[in-house]
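A.B. asks: This is the structure I have questions about; it appears just below.
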Amino acid sequence: MNRLDLRAIMATVAGDTGYSRRGRLFWKRGPQLTKLVDLQASRWGKGVYVNFGVLPKEMVIGKVPPDVGYAGISERGEHQDGPYRGEFERCAYDDADHMPAEAMRRPLQWLIEWIEDNLTDADAVRQSVLNDGPPLFPRNRPFLFMKDWARGQLKEPLHYFEDTPYYRRKS
């Protein structure tokens, strides 16, 4: 997988719907939530993992949000149920560099549509986090701060991430 070509395709797809970008990270701020997509290079080969998630706007303390590793709830493209799961798997495990980046255009468009449909409504996300609604990511449990956010009890970011570079450098 050519990572630069994949980023360019994602920049077009995400940019068309109002996402910002820095490097491999794409994000869209909303009134209560920030949606994230991160194109993470595999450590083991030429594949690229498509990670995505959401976090409360209060957890974004800089011009650029933290990467998806800090997201309150997140998932990887190859684990998300949907019509393009196979393409996300091939993208993640394309160690032999056989998959052209262009083959990911429609899967990335679908993913952005899914994110917009499922991670924009703060009340629906809140219900999912509190287990009062359908789970957004059945494999992954939300971070503690998402539960606090959903209950209206969110504390300062350093309470949850006291020893991490993103939050430490802003204090």
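The values are calculated or read from the model by the stated rules, or taken from the named source; none is laboratory data. Quick caveat, the model's predicted, so the values are computed rather than measured. Cβ coordinates were reconstructed from backbone atoms using ideal geometry, including for glycine residues, and neighbour counts include every protein chain displayed. For the accessible areas, the whole protein counts, side chains as well, though only heavy atoms, and no ligand, DNA or RNA atoms are used. Shrake-Rupley method; radii C 1.70, N 1.55, O 1.52, S 1.80 Å.
A.B. asks: Go through the range 1-19 residue by residue and tally those that are open to solvent by 50 Å² or more (accessible area, probe 1.4 Å) and not in a loop (DSSP other than H, G, I, E, B).
C.D. replies: Total meeting the criteria: 6.
A.B. asks: May I pose another question? Going residue by residue through the range 51-61, is there one that turns out to be in a loop (DSSP other than H, G, I, E, B), charged (D, E, K, R) and open to solvent by 20 Å² or more (accessible area, probe 1.4 Å)?
C.D. replies: Looking for residues that are in a loop (DSSP other than H, G, I, E, B), charged (D, E, K, R) and open to solvent by 20 Å² or more (accessible area, probe 1.4 Å), one finds none in the range 51-61, hence no.
A.B. asks: Identify, please: which residue in the range 62-101 is part of a loop (DSSP other than H, G, I, E, B) and closer than 17 Å to Asp5 by Cα and is, among those, most open to solvent (accessible area, probe 1.4 Å)?
C.D. replies: His98
A.B. asks: Here's a check for you: in the range 20-39, which residue that is charged (D, E, K, R) and in contact with an Asp or Glu (Cβ under 7 Å, 6 or more places away or on another chain) is least open to solvent (accessible area, probe 1.4 Å)?
C.D. replies: Asp38
A.B. asks: What number of residues within the range 40-50 are surrounded by fewer than 22 Cβ atoms within 10 Å (Cβ to Cβ) and part of a strand (DSSP E or B)?
C.D. replies: 3
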